[in-house]
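All of the numbers you see were taken from the coordinates with simple rules; none came from a lab. Bear in mind the structure is a predicted one, so any value in this text is a computation, not a measurement. Here the Cβ is made from the backbone with ideal geometry for all residues, glycine too, and neighbour counts use every protein chain on show.
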Amino acid sequence: MSTFERFEEAPFGPLGEHMARIKECVALVEPMFQHVVDQDYEGLAKLSKQVFKSEHKADQIKNEIRETVPKTFYLPIYRGDLLAYLKLQDDIADSVEDLAVLLTIKKLVLHKSLVHDVLNYVKLVLNVCNLIFECSDELKDIVEDDFGGPKTQKILELVAKSEQAEWESDQAEFDLAQKLFALEDEIKATDIFLWSQVFRELGRLANHADKTAERLRRMLVK
């Protein structure tokens, strides 16, 4: 069945297929950081390659969706909103790919005093991602509710939780940055710079997930 036919049968089906590849990318974030903690650089390299493959698959689905949803095709939502949502979904995978690149530029060593805080920050970021994944899981049946039933309400509640979760991750990023720069006499300046880039990209990942959730709310509440 073509992407066009899948949209006709279930408007949010192809978006779910795209999100499935994004989930594959995000699922590798925590293991990548654990490999850094363990200084298992060979394992990290293998995971980064998996990220690149899943991100590429996500891009292929994204491009197929863009190419096969004509302007005249009837959708229960505005086509521009759907494509904007698709772009934001894809930004999540792009951010994980950027993280994989940053973590493998050199053999990074995480200072022992930062391990707990970094892994906690990663969990907070992934919490934001998991909330948009829950939203996506509900999307496939939402058309049957005519955008006003209990599934729609559940999505809106998840979006509100996403905003709070993203704020919590922001606070963790700020606290972690302070602790990182307090170690400037113990860590090379180049490593501080690289770690700060890693923390910033994690923040972008949470932000992309939250923006995706917010775009979904805008699609549903009009």
Counting only C-alpha contacts under 8 Å and six or more residues apart, can you give the relative contact order of the stretch 3-220 as a whole percent? 28 percent
Using only DSSP helix segments of four residues or longer, with each worth -39500 (n - 2.57), what per-residue ellipticity at 222 nm results for the chain after dividing by its residue count and rounding to 500? -27000 deg cm²/dmol
Inter-label distance for Gln60 and Glu42, nm, one decimal - labels placed 7 Å from Cα along Cα-to-Cβ: 2.9 nm
Identify which of Glu173, Glu64, Glu186 has the largest mean-square fluctuation in a Gaussian network model of the chain, with springs joining Cα atoms closer than 10 Å. Glu186
Among Leu156, Gly13, Ala58, whose Cα sits farthest toward the positive end of the charge dipole of the stretch 3-220 (+1 at Cβ of Lys/Arg, -1 at Cβ of Asp/Glu, about the Cα centre)? Ala58
To the nearest 20 Debye, how big is the dipole of the stretch 3-220 about its Cα centre, given +1 on the beta carbon of each Lys and Arg and -1 on that of each Asp and Glu? 380 debye
Listed residues Lys87, Lys211, Lys112, most fluctuating in the chain (Gaussian network, C-alpha, under 10 Å): Lys112
Selection from Leu114, Ile22, Ala172, by position along the positive dipole direction of the chain (Cβ): Ile22
Just one of [x] 1.01; [y] 0.95; [z] 1.10 is Cα Rg over 2.2 N^0.38 Å calculated from these coordinates, so which is it? [z]
Within the stretch 176-197, what residues put their amide N at less than 19 Å from the label point 7 Å along the Cα-to-Cβ vector of Glu168? 176-177
